Every structure is written in C-alpha cells, then in structure tokens.
Amino acid sequence: MIYFTSDLHFSHTNIMEYCGRRFKNVDMMNNHIIKQYNKIVQNDDMCYILGDLTLSATKSLMVQLINKLHGKKILIVGNHDRFAVQEYYEMGFSAVHGHLKLRYNNTEVCVAHDPAWAQVPDTIWFCGHVHNMFRKIKTLTNTTIVNVGIDVWDYKPQSFDFLVDYAKTSLKEEEIFNCVTYPFRKKGRELTIDHIETEFLNKKSLEEIEIVRHITPFLIKKESSNV
C-alpha cells in the first residue's frame, strides 16, 4: 500500500513544547515515532514523507533512524530539510522531490510540504508544515488541503485511499478557509509553479514507477525578489 506522513522532527527538543508532544526526551519521542510508523507501514509498502525530518540531528543519527522505518521511503523536501539531496539517498530514501502530482487508482492528488503550494483550483493536496493547526481545509477555489502530519494522526502514516476519502467528506464550518489560497508564513512571499513532477503509480508493482517532468498549464505568481 501507499502511505503518507510528515513533520517527524526527529531529535527536535522544542517541537515537544510547540506541538504538545508529551515525552521526557527526544530519544523517547524518536522511538515512539518509529514504533507508530512501523505499526502501519510494512516492508512491501511505500511511504511518502512530506518533509521536515529533523532540524538538528546529525546525518549519522538520521541514517540510523530512517533505516529503522519500514518500506520504501520517498521524501518531499520541507523547509527544515537542509542536507544535500545525495545525503538523503544515503540515509535510505528511494527518491527525493520538491512537490509531486500522483495518479493512483484513477485519482489525482498533489503533494507538497507547505500548503501554500496548493494554489491550483479544484484539486486535492496532501501536505505537512502546519503541525496541529488543522487536519483538513477547503479554500474558496475548491482546493482541499489535507494535513498528513504526525501531530494530527497519532504519529501514524495514513493510506492514500483513506486520505482521498477523507478529503471528499463533508467539511465542518471551521474547515472552510475563507481565502483563495493558504498563505505563506512569511508576509509578502509569492510563488510560481513552473513544473510539477508526476508519478504514475502501478498498483500491482510499486517498484515500477514512471516519473514524468513537464511544464504545467498553470503559472500562479512570480517569485518575490524581496524574500
């Protein structure tokens, strides 16, 4: 099966306070994250981790931690993921991307770390970045954003099919986001989507993945020169 999770923040002391992670130390937090992950993901599964693996852990520690996680692992880079791309492969990731459009079981979903990327009308996006701010919101342009971060899912990855079904369920009033798009945290920042990689996932064999890089038909905004 295919799963999604985000914002593990291995060995990040302050995240325990910021997000209410009730652990005595980072080692206990790291072990719990791995335990919950491996309850769900098996060795023949694939899991997309949508960024923010760690803020301060060393590469050698990350090699140990990532290799304890079951399955094939794909990284969607977050704002705290500052190792070189090759180093993530050395940690045990099978692929590293900025953002993706996934087509699986006749359903199309876009994935990115920051929900501010979700600027395409009438689409479903999986993201992280926001920790426990929300599980799901819908913008005024009918863009549904589902947060797959561990802080709102009991530290457990969630399956593609479950998240798509969840995205399509009726929203509560507080889940209607009264803006066209979700904003960047830094004021004045804008973005452009020049291309998006697409993965066609073969249900019968997760090893056979075709990645197609192309120019998208939508250019949203120009990158601000002030950031």
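The values are calculated or read from the model by the stated rules, or taken from the named source; none is laboratory data. Keep in mind the model is a prediction, meaning the values are calculated, not measured. Note that we place each Cβ from the backbone using ideal geometry, even for glycine, and neighbour counts take in every protein chain shown.
If Ile33 satisfies every condition in (1) in a helix (DSSP H, G or I); (2) over 27 Å from Leu102 (Cβ atoms) but one, which is the exception?
Here Ile33 meets the rest and fails (2).
Okay, residues lined up against (1) of a type in the set (S, T, N, Q); (2) surrounded by fewer than 18 Cβ atoms within 10 Å (Cβ to Cβ); (3) closer than 30 Å to Met16 by Cβ:
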| residue | (1), (2), (3) |
| --- | --- |
| His99 | no, no, yes |
| Asn105 | yes, yes, no |
| Val111 | no, no, yes |
| Val120 | no, no, no |
| Trp125 | no, no, yes |
| His129 | no, no, yes |
| Asn142 | yes, yes, no |
| Asp151 | no, no, yes |
| Tyr155 | no, no, yes |
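What single numbered condition from (1) among the charged types (D, E, K, R); (2) in a loop (DSSP other than H, G, I, E, B); (3) surrounded by fewer than 19 Cβ atoms within 10 Å (Cβ to Cβ) fails to hold for Asp52?
Exception for Asp52: condition (3).
Among the numbered criteria (1) surrounded by fewer than 21 Cβ atoms within 10 Å (Cβ to Cβ); (2) of a type in the set (Val, Ile, Thr); (3) closer than 23 Å to Ser159 by Cβ; (4) modelled with pLDDT of 95 or more, which single criterion is violated by Val63?
Exception for Val63: condition (3).
Can you confirm whether His70 is in contact (Cβ under 8 Å) with a residue 24 or more places away in the chain, touching a helix residue (DSSP H, G or I) at 6+ places or on another chain (Cβ under 9 Å), within 19 Å of Met46 (Cα to Cα) and of a type outside the set (Asp, Glu)?
Here the answer is yes, as His70 does meet what is asked.
Let's see how each residue does on (1) out of contact with any strand residue (DSSP E or B) (no Cβ under 9 Å at 6 or more places or on another chain); (2) among the hydrophobic types (A, V, I, L, M, F, W, C); (3) over 24 Å from His12 (Cα atoms):
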position: Ile76; (1), (2), (3): no, yes, no
position: Asp81; (1), (2), (3): no, no, no
position: Tyr104; (1), (2), (3): no, no, yes
position: Val109; (1), (2), (3): no, yes, yes
position: Asp114; (1), (2), (3): no, no, no
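Checking Asp151 against (1) among the acidic types (Asp, Glu); (2) over 24 Å from Asp81 (Cβ atoms); (3) modelled with pLDDT of 90 or more, which single condition isn't satisfied?
Here Asp151 clears every test but (2).
Residue pairs, Cβ under 9 Å, 6 or more apart or interchain, first in the stretch 24-40 and exposed (fewer than 13 other Cβ atoms within 10 Å of the Cβ), second part of a helix (DSSP H, G or I) and of a type in the set (Val, Ile, Thr). List them.
What qualifies is Asn25/Thr13.
Specify the residue that is modelled with the highest pLDDT; the eligible residues are those in the stretch 21-59 that are closer than 10 Å to Phe10 by Cα and among the small types (Gly, Ala, Ser).
Filtering first and then ranking leaves Ala57.
Exactly one condition in (1) out of contact with any strand residue (DSSP E or B) (no Cβ under 8 Å at 6 or more places or on another chain); (2) at positive phi is false for Leu55; which is it?
(2)
It is to be established whether one or more residues within the stretch 80-90 are among the aliphatic types (A, V, I, L, M) and crowded, with 20+ Cβ neighbours inside 10 Å. Step through it out loud before you land on a result.
Looking only at the stretch 80-90, we keep the residues that are among the aliphatic types (A, V, I, L, M), and these are 84-85.
Okay, now just the ones that are also crowded, with 20+ Cβ neighbours inside 10 Å, so none.
So far as the stretch 80-90 goes, no, none of its residues is among the aliphatic types (A, V, I, L, M) and crowded, with 20+ Cβ neighbours inside 10 Å.
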